[in-house]
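Visitor: Got a structure here, written out as structure tokens. Questions coming.
The values are calculated or read from the model by the stated rules, or taken from the named source; none is laboratory data. Since we're looking at a predicted model, the values are computed, not measured. Reconstructed Cβ throughout: ideal geometry from the backbone, glycine too, with neighbour counts over all protein chains shown.
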Amino acid sequence: MPSPKITFIGAGSTVFMKNIVGDVLQRDALRDARIALMDINPERLEESAVIAGKLVQTLGTKATVETFADQRRALEGADFVVVCFQIGGYDPCTITDFEVPKRLGLRQTIADTLGLGGIMRGIRTVPHLWKICEDMLAVCPEAIMLQYVNPMAINTWAIAAKYPAIRQVGLCHSVQGTAHELARDLDIDPATLRYRAAGINHMAFYLEFEQRQPDGSYRNLYPDLLRAYREGRAPKPNSWNARCPNKVRYEMLTRLGYFVTESSEHFAEYVPWFIKEGRDDLIEKYGIPLDEYPKRCVEQIARWKREAERYKTANTVEVKTSHEYASEIMNSRWTGQPSVIYGNVRNTGLVTSLPEGCAVEVPCLVDQSGIQPTHIGALPPQLTALIRTNVNVQELTVAALMTENREHIYHAAMLDPHTAAELDLDQIWQLVDDLLVAHDRWLPEWARIAPGRVAAE
């Protein structure tokens with residue numbers, strides 16, 4: 001069997017690239033893959049090439065690594081396209097997404113999926129994803145795009161709307177990652193879990209969450225989670241980030257009856273109830289980490305600089321298996337060995353209580369036929385209603401992109417739950433103006449406004 005060609009667009013996201021390449025090279029069917037790395041930053045691209053080469057050396061494979069500055073050349077003949085990039089980077093765009101809203105009192109935690117930060121990131125990002133789609137249709141039309149870029153739902157929706165022929169799936173590690181966190185909270189082996197989740201990216205819920213018993217039956221774990229939370233035994237202190245105690249999700253479990261798959265620091269800014277001006281008591285009670293993403297960026301950049309220097313002189317690279325789905329999908333598609341993953345795909349009657357065409361996160365079977373999403377049906381009404389408040393914002397952002405109508409950016413911001421809870425209409429309009437001016441060079445032409453001009457007249 002020939003070896004697959006795997007192209008990374010945004011290969012300068014070196015830590016992520018290292019994890020995926022490490023996973024790939026540990027699979028027998030993929031270990032001799034042709035790896036194409038593409039990035040617009042030559043320094044980061046070179047660093048990634050060094051790391052990838054040392055992974056090949058460490059694992060003793062026959063894989064090849066090649067770097068590209070030209071996107072279309074990197075994509076030629078690809079079987080899989082892994083996309084991971086951030087338009088405008090931490091500095092200046094992430095900083096802007098946090099600091100400009102703060103001038104009007106709008107505080108955020110992560111700001112990469114919903115809210116003003118998520119909307120602006122979507123407007124910056126989707127045109128570049130569309131260009132990748134154009135190039136894929138020209139030089140690798142059968143390839144599968146494994147899309148790891150936020151805002152995941154907006155991106156997946158926009159790709160499916162404009163380039164329906166592209167085989168794509170949006171990938172996140174929240175479903176499987178949260179399952180492991182909950183197993184830790186309950187002191188049980190995650191290998192004994194059985195769960196079924198559905199919704200949208202960062203707002204999917206475990207519809208079933210069970211543990212296998214010695215007699216082979218399964219027991220519902222929701223009563224255990226509720227009891228542990230009420231008795232103060234859960235959540236346990238965060239094992240990887242002490243700033244994020246993860247109480248918001250447990251509180252939502254008590255209100256909705258289902259556990260959300262994305263972290264508390266994310267979820268807190270998707271709803272109107274936790275981050276409120278003059279309510280620092282809520283911030284303290286639920287341990288909400290304001291400005292969390294900029295802090296992570298600073299820490300990650302510093303950590304990577306240290307690691308990059310170490311990798312330059314190291315003969316081998318430590319290889320650990322990640323929790324990402326990418327290599328699992330590639331292996332199933334290449335060998336026919338089936339697997340089940342959670343993916344973000346176009347809603348074609350999969351979740352009947354959510355709008356047709358939106359991006360939903362559901363279990364998917366993967367085999368030689370590709371990615372086959374599972375029909376879920378209707379979600380519980382309280383989950384549907386809550387998810388729709390987020391889908392509204394996504395829909396309007398995609399509408400702005402598809403029609404090149406700047407006014408829909410304002411409409412999206414106006415309907416964002418957290419933004420609407422904090423700001424009045426004049427403030428929202430002013431904030432969008434300010435963000436469009438600040439992001440000018442990173443935006444498509446139709447979204448730009450001149451400084452001092454009122455954009456939505």
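Visitor: Could you list, in sequence order, all residues of the range 408-457 that are part of a helix (DSSP H, G or I) and either modelled with pLDDT under 95 or among the small types (Gly, Ala, Ser) (or both)?
Guide: Passing the criteria: ALA412, ALA413, ALA420, ALA421, ALA438, ALA447.
Visitor: How many residues does the range 61-77 hold that are hydrophobic (A, V, I, L, M, F, W, C), farther than 21 Å from GLN26 by Cβ and surrounded by 15 or more Cβ atoms within 10 Å (Cβ to Cβ)? Step through it out loud before you land on a result.
Guide: Going residue by residue through the range 61-77, those that are hydrophobic (A, V, I, L, M, F, W, C) are 63, 65, 68-69, 74-75.
Next, from what is left, pick out any that are farther than 21 Å from GLN26 by Cβ: 68-69, 74-75.
Narrowing the set further to residues that are surrounded by 15 or more Cβ atoms within 10 Å (Cβ to Cβ) leaves 68, 74-75.
Of the residues in the range 61-77, 3 are hydrophobic (A, V, I, L, M, F, W, C), farther than 21 Å from GLN26 by Cβ and surrounded by 15 or more Cβ atoms within 10 Å (Cβ to Cβ).
Visitor: Could you grab me the full set of residues in the range 341-355 that are crowded, with 20+ Cβ neighbours inside 10 Å and in a loop (DSSP other than H, G, I, E, B)?
Guide: ASN347, LEU350, LEU354
Visitor: Moving on. Please find, among GLN382, GLN394, the residue that is modelled with pLDDT of 95 or more, part of a helix (DSSP H, G or I) and farther than 21 Å from LEU106 by Cβ. It would help to see each step written out before you state the result.
Guide: Numbers: GLN394 fails: farther than 21 Å from LEU106 by Cβ.
The match here is GLN382.
Visitor: Can you spot a residue in the range 78-93 that is farther than 24 Å from LEU396 by Cβ, among the aliphatic types (A, V, I, L, M) and either surrounded by fewer than 24 Cβ atoms within 10 Å (Cβ to Cβ) or touching a Leu at 6+ places or on another chain (Cβ under 8 Å) (or both)?
Guide: Yes, the range 78-93 has at least one match.
Visitor: Is at least one residue of the range 177-198 out of contact with any Ser or Thr (no Cβ under 7 Å at 6 or more places or on another chain), in the same structural domain as LEU350 (by TED's automatic domain parsing) and under 27 Å from ALA420 (Cβ atoms)?
Guide: yes
Visitor: Check GLY12 against each of (1) within 22 Å of the chain's Cα centre (by Cα); (2) in a helix (DSSP H, G or I); (3) of a type outside the set (A, V, I, L, M) and name the one condition it does not meet.
Guide: (2)
Visitor: Right, something else. Quick check on this structure: which one of ILE110, ILE119, ILE144 is β-branched (Val, Ile, Thr), closer than 20 Å to ALA399 by Cα, at pLDDT 95 or above and buried (at least 22 other Cβ atoms within 10 Å of the Cβ)?
Guide: Numbers: ILE110 fails: closer than 20 Å to ALA399 by Cα; ILE144 fails: closer than 20 Å to ALA399 by Cα.
Sole residue among the options that is β-branched (Val, Ile, Thr), closer than 20 Å to ALA399 by Cα, at pLDDT 95 or above and buried (at least 22 other Cβ atoms within 10 Å of the Cβ): ILE119.
Visitor: Out of the range 27-46, which residues are buried (at least 23 other Cβ atoms within 10 Å of the Cβ) and farther than 14 Å from ILE6 by Cβ?
Guide: Within the range 27-46, just ASP39 meets the criteria.
Visitor: Of everything in the range 356-373, what is surrounded by fewer than 16 Cβ atoms within 10 Å (Cβ to Cβ) and either β-branched (Val, Ile, Thr) or not in a strand (DSSP E or B) (or both)? Give them in sequence order.
Guide: Result: GLU356, GLY357, GLN368, SER369.
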